[in-house]
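Everything below concerns the one structure shown next.
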Amino acid sequence: MRIIGFVIALVCLFAPAALGQPNSPPPDPYDESVPESPAGELAQDGQSAVDAILADPSVAQQDLEKYGDLKETVRSVAKAASSERSAWLSRQVTSRGRLVKALQKQLAMELSAMSAAAKAEKAANTVETIEDFAQWFDRKMEYTATKARQARADAARASRASRTQEGPGATNSRRSSRSRSRAATEPEGPQAPAFAAPPEKTPDDLEFESDVTQWLQAAATDNGQLCLAENQKILSEYGLIYRKAEEEEAEKSKVLVASLILLRNERVLSIQAALEKRRTRAAQNPGAVDAGTGTRGRRSARRPSRY
């Protein structure tokens, strides 16, 4: 019996190796480490490309001088970017939709320029990467705009309900009496369930919910943190496009993407500097500018029209 037990133990020990499998220990149930995902590795690769470009901007600037057509493209993109910049700097509480549209329009222009350069160099994988990101970003922005509209509508309904409850007591009393009399005469219909099940999440909910939450929770009058977070993701995607162009030896595409990375980074720094200047001015003279509207003091009553 001892010999049989010893043979069984040997078989169990060497069976994985005989099957071509490593004899690895069983997984530790208390190990909470998260394995690196392919998406995480791609994001790191894109960010490393961006970091290298920003570390020495003169390289991309010198490369751009070789191509007059690319210089003109970058100049046109820079000129159009003023709309996006002003949208980030807006202090209007209802400007989320305007910001979404401005960012979407500017990004479409930049990606279109990249795609045209990659197609001219027959860099098929680079074109595919650009188009995939463009479609994904459009979906995200449309979803963001929809959720922002829903949030404003919910806030408006809550405000109306609050004003109704705080109205004159007589009005509320009359409404209550009418409601009671109507309830007494109307037959009871089917009752709604006390606890309705939450709606099922769509694929867009699962993919974009965390990003949109960041958009909705950001201070409406100061887009600084949101600007940094959103543009970091955009630049990382631009870095992946740069890597694809590098793999396919698409030189002009590389130069254009690097130039647009520098341009967007410069824009973000300019926006952050303007916001910091605004905060400093408000801290030094808090009564001078209203944080929500940008107006000085209390808003005066509108003058009656002459006509």
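The values are calculated or read from the model by the stated rules, or taken from the named source; none is laboratory data. Note that the structure is predicted; figures quoted are calculated from it, not measured. Here Cβ is always computed from backbone atoms with ideal geometry, including for glycine, and neighbour counts include all displayed protein chains.
Selection of region 234-256 for residues being part of a helix (DSSP H, G or I) and farther than 26 Å from GLN104 by Cβ yields GLU246, GLU247, GLU251. Of all positions in region 77-89, at least one carries a residue that is out of contact with any His (no Cβ under 8 Å at 6 or more places or on another chain) and not in a helix (DSSP H, G or I). Only residues that are in contact with a helix residue (DSSP H, G or I) (Cβ under 9 Å, 6 or more places away or on another chain), modelled with pLDDT of 65 or more and among the aliphatic types (A, V, I, L, M) were counted in region 254-307, giving 12. Candidates are the residues of region 102-118 that are closer than 18 Å to LYS71 by Cα and not aliphatic (A, V, I, L, M); the one that is farthest from the chain's Cα centre (by Cα) is SER115. There is at least one residue in region 185-198 that is assigned to a helix (DSSP H, G or I), loosely packed, with under 11 Cβ neighbours inside 10 Å and modelled with pLDDT under 85. Per the listing ASP204, ASP154, ASP211, the residue uniquely in contact with a helix residue (DSSP H, G or I) (Cβ under 8 Å, 6 or more places away or on another chain), in a helix (DSSP H, G or I), of a type in the set (Asp, Glu) and modelled with pLDDT of 70 or more is ASP211. Checking each residue in region 109-142 for being of a type in the set (A, V, I, L, M), in a helix (DSSP H, G or I) and farther than 14 Å from LEU260 by Cβ picks out ALA120, ALA124, VAL127, MET141.
Quick one: in region 135-151, of everything that is of a type in the set (Lys, Arg) and more than 25 Å from SER112 (Cβ to Cβ), which residue is surrounded by the fewest Cβ atoms within 10 Å (Cβ to Cβ)? Taking the candidates together, the pick is ARG149. Of the residues making up region 97-122, those that are of a type in the set (A, V, I, L, M, F, W, C), over 30 Å from ARG152 (Cβ atoms) and surrounded by fewer than 20 Cβ atoms within 10 Å (Cβ to Cβ) are ALA116, ALA120.
Assessment of region 40-56 against the conditions (over 20 Å from the mean Cα position of the chain (by Cα), crowded, with 17+ Cβ neighbours inside 10 Å and either in a helix (DSSP H, G or I) or modelled with pLDDT of 95 or more (or both)) yields at least one matching residue.
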